[in-house]
1. Being of a type in the set (A, V, I, L, M, F, W, C), modelled with pLDDT of 80 or more and in contact with a Lys or Arg (Cβ under 9 Å, 6 or more places away or on another chain) is true for just one of Ala67, Ala18. Which residue is that?
2. Kindly indicate whether any position in region 74-88 is at pLDDT 90 or above and β-branched (Val, Ile, Thr).
3. Of all residues in region 1-15, which are at pLDDT below 80 and either of a type in the set (D, E, K, R) or exposed (fewer than 10 other Cβ atoms within 10 Å of the Cβ) (or both)?
Amino acid sequence: MSRKTLFQLGPPEHRGDAFSRRHPPMPVRDRAKIFAPFAALPPYAKALTHCREKAVLVKPPEIPDDAAAQINGNLKKLLFLLKNNQKVPIGLAYFVFTDESTGYIESCRAHIIQADAAAQTLTFIPRNQDAACTIPFKQLCRLELD
């Protein structure tokens, strides 16, 4: 048979023949597992967890007045942009408490979901993550609008 004839015939149908008995169709729920992404970087995630456990814990940093003024100015711009329903990508650094008086500084790039002036909180989703984070304004160490 020529290729043209094979193409016109379409895909083969195996209903009840010897091939279909030896190779039954795969259920859709199992077929989806084949294409699901696999955890390519579990050692990396484990290393990050290990680093956080071994991180040097510090007291919350004192923010200089000029840096605090810049953070406040960027927060005002951010609140204005969010009122106009604009997506706002940012870069930020914030203090994460591990106990009452010590912790570490986390920095990331993120998209803002909400800035609540009344509650003094910032809710964002770090890039490459699905979970949202909410932090108080007073924990911000750096805030940059992209």
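1. Ala67
2. The answer is no; no qualifying residue exists.
3. Residues of region 1-15 that are at pLDDT below 80, as a first pass: 1, 11-15.
Across region 1-15, the qualifying residues are Met1, Pro11, Pro12, Glu13, Arg15.
The values are calculated or read from the model by the stated rules, or taken from the named source; none is laboratory data. Quick caveat, the model's predicted, so the values are computed rather than measured. A quick note on method: Cβ atoms are made from the backbone with ideal geometry, for glycine too, and the neighbour counts reach across all protein chains shown.
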